[in-house]
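Chemist: Take this structure first; my questions come after.
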């Protein structure tokens with residue numbers, strides 16, 4: 001490994017990541033990430049959906065949650081996760097619905113830290129499982145997911161034209 005790669009490796013290892021729950025004061029940081037995430041997913045959700053999502057994520061009566069990743073005091077990533085009943089267990093499951101980290105910070109264990117936060121939440125509530133989906137073209141994320149979880153083997157089907 002040459003000197004430049006060694007310096008980069010040390011920089012990556014030295015990054016300090018803080019994961020915390022969002023508050024009302026985090027809207028501006030979240031909306032920037034949310035819009036980038038939608039662009040990454042090649043979708044554009046309406047303002048109504050975005051506003052409803054934000055309110056639900058912060059509502060203590062909703063089963064939805066939002067954790068943010070900070071590096072050097074700046075919000076750089078998020079995860080949305082949802083508790084839900086399942087017919088396959090007595091305890092709730094946790095669905096990790098969305099995970100996003102700014103492009104320039106990927107590969108620095110921020111996504112892993114967000115997933116581990118969801119795992120800790122799952123342990124706290126006694127969940128039967130944490131599960132999520134990703135697009136089969138999301139190769140960088142799949143490398144991480146293969147390290148932190150097991151592929152279920154299931155294929156998702158979807159119908160949206162109601």
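The values are calculated or read from the model by the stated rules, or taken from the named source; none is laboratory data. Remember, predicted model here, so these are calculated numbers, not experimental data. No Cβ is skipped: glycine too gets one built from the backbone with ideal geometry, and neighbour counts run over all protein chains shown.
Chemist: It is to be established whether one or more residues within the stretch 146-153 are surrounded by fewer than 14 Cβ atoms within 10 Å (Cβ to Cβ), in contact with a helix residue (DSSP H, G or I) (Cβ under 7 Å, 6 or more places away or on another chain), at pLDDT 95 or above and not in a strand (DSSP E or B).
Modeler: Looking for residues that are surrounded by fewer than 14 Cβ atoms within 10 Å (Cβ to Cβ), in contact with a helix residue (DSSP H, G or I) (Cβ under 7 Å, 6 or more places away or on another chain), at pLDDT 95 or above and not in a strand (DSSP E or B), one finds at least one in the stretch 146-153, hence yes.
Chemist: Given the structure, is residue 113 closer than 24 Å to residue 38 by Cβ, touching a residue at least 60 places away in the same chain (Cβ under 8 Å) and surrounded by 13 or more Cβ atoms within 10 Å (Cβ to Cβ)?
Modeler: yes
Chemist: So which residues in the stretch 120-139 are in a helix (DSSP H, G or I) and either without any contact (Cβ under 8 Å) to a residue 12 or more places away in the chain or farther than 22 Å from residue 18 by Cα (or both)?
Modeler: 120, 123, 124, 139 - these are the residues of the stretch 120-139 that are in a helix (DSSP H, G or I) and either without any contact (Cβ under 8 Å) to a residue 12 or more places away in the chain or farther than 22 Å from residue 18 by Cα (or both).
Chemist: Out of the residues in the stretch 80-115 that are in a loop (DSSP other than H, G, I, E, B) and within 15 Å of residue 138 (Cα to Cα), state the one that is modelled with the highest pLDDT.
Modeler: Checked the stretch 80-115; the qualifying residue modelled with the highest pLDDT is 102.
Chemist: Looking for something assigned to a loop (DSSP other than H, G, I, E, B), touching a strand residue (DSSP E or B) at 6+ places or on another chain (Cβ under 9 Å), touching a residue at least 40 places away in the same chain (Cβ under 8 Å) and under 19 Å from residue 124 (Cβ atoms) - is there at least one such residue anywhere in the stretch 49-69?
Modeler: no
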